[in-house]
1. How would you rank Thr234, Thr36, going from fewest to most other Cβ atoms within 10 Å of each one's own Cβ?
2. With a 10 Å Cβ neighbour count serving as the proxy for reagent exposure, in which order, fewest first, do Glu134, Glu23 appear?
3. Tell me which residues come under 5 Å, amide H to amide H, from Asp207 once H is placed; ignore anything under 5 positions away on its chain.
4. How would Asp164, Asp207, Asp100, Asp149 line up from fewest to most surrounding beta-carbon atoms within 10 angstrom?
5. Tell me, what HN-Hα J-couplings in whole Hz come from the Karplus equation 6.51 cos²θ - 1.76 cosθ + 1.60 at θ = phi - 60° for each residue of segment 152-163, using x for Gly and Pro?
6. Percent of Cα-Cα pairs per 5 Å bin, from 0 to the last occupied bin, for segment 96-233, please list those.
7. Would you mind checking the pairs Lys104/Lys169; Lys140/Lys277; Lys243/Lys277; Lys28/Lys243 and listing those with alpha carbons more than 20 angstrom apart?
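FYI, it's all coordinate maths here, none of it is from the lab. All values reported here derive from a predicted model rather than from experimental measurement. Virtual Cβ from ideal backbone geometry, glycine too; neighbours counted across all protein chains shown.
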Amino acid sequence: MQWIDLALEPCPLECVYCGQSSEFPHFKSYEYENETFSLYKCTHCKSLIYDLRDVDQPIVPQVDQPDGVISEDVRWIYEAGFSSYHVAACALSALPDVPDHELKEHVFVDVGAGLGMASYFIKTLFGLKIITVEPSRTGKLARDVLGLDVHRAYFEKLPQEILDELANKPCLLHLNSVVEHLVDPAAVLSDIMSRVQVEVLAAIVPDAAWINLNEPFLNAVSYLAPRDHRHLPTELGMELLLKRLGFSHVATAITPGLLTSIGSRSPVSVPSERLIKLGRACLSRKPETPPPSAGRRRRRFSAAGRGCHEPERAADGGARPLLRL
Ligand SMILES: [Zn+2]
């Protein structure tokens, strides 16, 4: 498991993010479990692209496995899907800045939902209808622990019942640590967008620009996740992908090693650090009582994020928890 010194010829490839077709220069090769993987760098957006002819494609059919069986192939789990910070960041990024009554018309579509934390967050705090899709065994956990109605399915093969449920509804597509697993993200995303009315797409992905060849291979392995992750985008790669998908407004937040990219039909901005931290705090607690109306919650939550709201004072003078958690 290491970087290896190979100097390969440029390879004719198409960038799955920006769409550029060209002879891409070899970026770096590495050895993992006696197999050699080689990455090429897109000449336009600098995303890192595999020549898939060199890579076997064992997407683990977890949806078909009995619960409790841990596949040896499932070794690298990217932290973003489980970090409360990134869950809050991506979920909040998917929410359009619209009045409360309009927000409630939207469906939050959480694909590759993992433990379902983002679905739970949006359902609990904002009262939106959610559709949660997770093929792996963590989908069962999301059902058992958080009480979510989880569809055990792959993004590329969403059941017709889900598509029917989403028909003619404005959808907020949430993809936390999903895009980098797709062999052809543009094809998969444009397919779902041709069938579902996606108003906002928010995605967290590893940042290809973060890979530092001067550091040990171990520092990069969670980004590469051999046989699990595919091509890695840059900020520009994600922005061009979102524009190719038809979004007229894009924005990206960069945190160390990760991109949170947003494509939207209307002007968009990334959530503030304060709002994300507030969301993270909410995620770490469990509601004890049914929260107030979605509109009230969102107003109070948003106001707190803008820094113009202090926690209510309880009758005894103590600070009241913002969301009655
Ligand atoms: Zn590119």
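1. The most exposed by this proxy come first: Thr36, Thr234.
2. Values: Glu134 29, Glu23 11.
Listing Glu134, Glu23 from fewest to most nearby Cβ atoms yields Glu23, Glu134.
3. Hits under the 5 Å cutoff: Leu258, Leu259.
4. Numbers: Asp164 8, Asp207 22, Asp100 16, Asp149 11.
Ascending Cβ contact count within 10 Å gives the list Asp164, Asp149, Asp100, Asp207.
5. In residue order, the calculated couplings are 8, 8, 8, 3, 5, 9, 5, x, 4, 4, 5, 4 Hz.
6. 2, 9, 18, 21, 19, 14, 9, 5, 2, 1, 0
7. Long pairs (Cα-Cα over 20 Å): Lys140/Lys277; Lys243/Lys277; Lys28/Lys243.
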